[in-house]
Structures are given as C-alpha cells and as structure tokens.
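*Asks:* Have a look at this one before I ask anything.
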Amino acid sequence: MFDLAGKIAVVTGGSRGIGRATSIALAEAGAFVLVNYRSNEEAAKETLRLIEGAGGQGELLPFDVADPGAVDRAIQGAVERHGRIDILVNNAGISIDQLLLRVSSKDLEMTWATNVGGAVYCAKACIRPMMRNKWGRIVNVSSVVAESGNPGQVAYSASKAALLGITRTLAREYASRGITVNAVAPGFIETDMTFDLSEAAKQKIIDQTPLGRIGRPEEVAAAVVFLASEEASYITGQVVRVNGGMYV
C-alpha cells in the first residue's frame, strides 16, 4: 500500500516540523522529495539527511513561496531536472498571533502572502506539469483553527480557512485532469510553532482534546501520504482532520 515509487514530490516548508515529517514519510513510500525552505538551510539539510538515512532520496529546493517569480523559476527548474511534478504539499506557513485590535496591516499582509498566496503560487506552478501527465496530488496543510477559530489568531485562522476554499475550488477545477486536491487540518501538534507556549496553555489545549494528548508530526504526515497515494484516488475536495477530536 501507498507505493509512491517514481513520483516526484514538492514539500514546502520542509525543513522542520510537519514539513520535515511529511518529507521523510513521502520518501519512505518511494517518492523523490524536493525539500523546500526559505532561509534555514541547515535545518533543510538535516531533513535531507534524515530522508537519506531512511533509505529515501531527495534534494533541496530553496525559494520563498510568497514570491511568485521565485516559485515559477524553482518549479520550472525542478521539472527540467526530473521531468515531472506529481505531488505538492503546501505546508509552508507563518503565524503572527495578535488580538484583532493589535493586528497590523503588515502582520496581515505577511500572513496572507505566505499562507494563502504561497499555496496558490505553488499550486499554479505545479498543476501545469501535472496536467501534462494527467495525474497529480495536491495536499494543503490547513489547521483546526480554520474551522473552530481561536482568540488571538484572526490572521492565521483566516488564512488557514482560505486554504479550505482553495482546496475545494481546485478540486472541482482539475478533477477531470486526474488531479486531486485535499487538505489536512492538524490540531495541536508538537512543532516549533507550538514549542513556545506555556505549560499552562499546553495543558488547557490537551484538556480540550478528547484523546488527551499532543499530536505528533508523523501522524499528520501519515494522512498526507495516504492522500498522495493511488489508494486515495477517489477522494478530492475533502478535509482530513488530524486533531485528536479537538474539533469534530
């Protein structure tokens, strides 16, 4: 099951957290993984080392997802080297947490440019080679707060909710071309983004989670690998919630 041998995958924000776990899991399933990062080259190299240590293959693909020109150049270069792009995981994202009255226009613009614009630019660049091959998988990494909301995260939750609209629209636009588009919506997961929360804040979230624990990046990655596989070929436009029951 979940044999991705011969597939070429792009994982944005692949240098750490969910992106790193997803890169490794895709490689373990047989995909050649292009690990995207913006600035943390050492962390991206560590992801590549872990991929190779697990018996997989990949390469680094540096670009800023918020820069449409950089996205096009990087993806075009990858297609020229490898002949195709089969799988895109839109994982790159930022979170600038502020209550509404403290959200600046810069905060909103930065969040939107990366979390929403980045996903659109990458999907647009990757869909072209997918259409030529009449096969493709796009998985957008959203968040539980896209559906539940969360105080202090108006910009972040709005951007992650936008990903769900993008998912459903692209699923309808490209189903006839053999391309499926789905989303995963993680809950509280052990990543750098949640590391700085106080123990009290973490415990409050755990208390609100029926499974009573924090999720692991590998558990989100497993859902992504499934959605990227042939076994998920009749699933499109859907949201897979990996949240321990936090939102149902």
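The values are calculated or read from the model by the stated rules, or taken from the named source; none is laboratory data. Bear in mind that the values here come from a model prediction, so they are computed numbers and not experimental data. Reconstructed Cβ throughout: ideal geometry from the backbone, glycine too, with neighbour counts over all protein chains shown. Remember, those area values only see protein heavy atoms, side chains included, never the ligands or the DNA or RNA. Shrake-Rupley method; radii C 1.70, N 1.55, O 1.52, S 1.80 Å.
*Asks:* I'd like to know if the range 76-84 contains one or more residues that are touching a residue at least 24 places away in the same chain (Cβ under 8 Å), open to solvent by 10 Å² or more (accessible area, probe 1.4 Å), farther than 23 Å from VAL225 by Cα and of a type outside the set (Asp, Glu).
*Replies:* yes
*Asks:* A further question on this structure: Which one is most open to solvent (accessible area, probe 1.4 Å), of the residues in the range 139-157 that are over 15 Å from GLY13 (Cβ atoms) and in contact (Cβ under 8 Å) with a residue 40 or more places away in the chain?
*Replies:* From the range 139-157, those over 15 Å from GLY13 (Cβ atoms) are 144-155, 157; that's our starting set.
Applying the additional criterion that residues be in contact (Cβ under 8 Å) with a residue 40 or more places away in the chain yields 144, 147-148, 151-155.
Numbers: VAL144: 9, GLU147: 51, SER148: 60, PRO151: 113, GLY152: 18, GLN153: 27, VAL154: 64, ALA155: 5 Å².
Filtering the range 139-157 for residues that are over 15 Å from GLY13 (Cβ atoms) and in contact (Cβ under 8 Å) with a residue 40 or more places away in the chain, the one most open to solvent (accessible area, probe 1.4 Å) comes out as PRO151.
*Asks:* Hey, among the residues in the range 1-27 that are among the β-branched types (Val, Ile, Thr) and open to solvent by 20 Å² or more (accessible area, probe 1.4 Å), which one's farthest from VAL141 (Cα to Cα)? Write out each step before concluding.
*Replies:* Taking the range 1-27 as the starting set, the residues that turn out to be among the β-branched types (Val, Ile, Thr) are 8, 10-12, 18, 22, 24.
In the following step, the residues that additionally are open to solvent by 20 Å² or more (accessible area, probe 1.4 Å) were identified as 18, 24.
Details: ILE18: 9, ILE24: 16 Å.
So the residue we want is ILE24.
*Asks:* Could you list, in sequence order, the residues of the range 61-75 that are touching a residue at least 12 places away in the same chain (Cβ under 8 Å) and of a type outside the set (D, E, K, R)?
*Replies:* Listed by number, the residues that qualify are LEU61, PRO62, PHE63, VAL65, ALA66, PRO68, VAL71, ALA74, ILE75.
*Asks:* A follow-up question, please. Give the residue, chosen from GLU59, GLU52, that is open to solvent by 70 Å² or more (accessible area, probe 1.4 Å), acidic (Asp, Glu) and modelled with pLDDT of 95 or more.
*Replies:* Working: GLU59 fails: open to solvent by 70 Å² or more (accessible area, probe 1.4 Å).
Among GLU59, GLU52, only GLU52 is open to solvent by 70 Å² or more (accessible area, probe 1.4 Å), acidic (Asp, Glu) and modelled with pLDDT of 95 or more.
*Asks:* Take the residues in the range 121-137 that are open to solvent by 40 Å² or more (accessible area, probe 1.4 Å) and not hydrophobic (A, V, I, L, M, F, W, C), then tell me which one is nearest to the chain's Cα centre (by Cα).
*Replies:* TYR121
*Asks:* I'd like the full set of residues that are touching a Gly at 6+ places or on another chain (Cβ under 7 Å) and open to solvent by less than 40 Å² (accessible area, probe 1.4 Å), limited to the range 31-41. Break it down stepwise before answering.
*Replies:* Initially, the range 31-41 is screened for residues touching a Gly at 6+ places or on another chain (Cβ under 7 Å), giving 32-37.
Listed by number, the residues that qualify are VAL33, LEU34, VAL35, ASN36, TYR37.
*Asks:* Additional query: Pairs, please: C-beta under 7 Å, at least 6 apart or cross-chain, first residue over 18 Å from THR114 (Cβ atoms) and in the range 31-44, second among the polar types (S, T, N, Q) and open to solvent by less than 40 Å² (accessible area, probe 1.4 Å)?
*Replies:* Matching pairs, first to second residue: VAL33/SER23.
*Asks:* Within the group GLY93, GLY118, GLY69, which residue is in a helix (DSSP H, G or I), open to solvent by 10 Å² or more (accessible area, probe 1.4 Å) and among the small types (Gly, Ala, Ser)?
*Replies:* Numbers: GLY93 fails: in a helix (DSSP H, G or I); GLY118 fails: open to solvent by 10 Å² or more (accessible area, probe 1.4 Å).
Exactly one residue qualifies, and that residue is GLY69.
*Asks:* A follow-up question, please. Criterion first (more than 19 Å from the chain's Cα centre (by Cα), farther than 22 Å from LEU163 by Cα and outside any loop (DSSP other than H, G, I, E, B)) does LEU101 satisfy it?
*Replies:* Working: more than 19 Å from the chain's Cα centre (by Cα): yes; farther than 22 Å from LEU163 by Cα: yes; outside any loop (DSSP other than H, G, I, E, B): yes.
Criteria met by LEU101.
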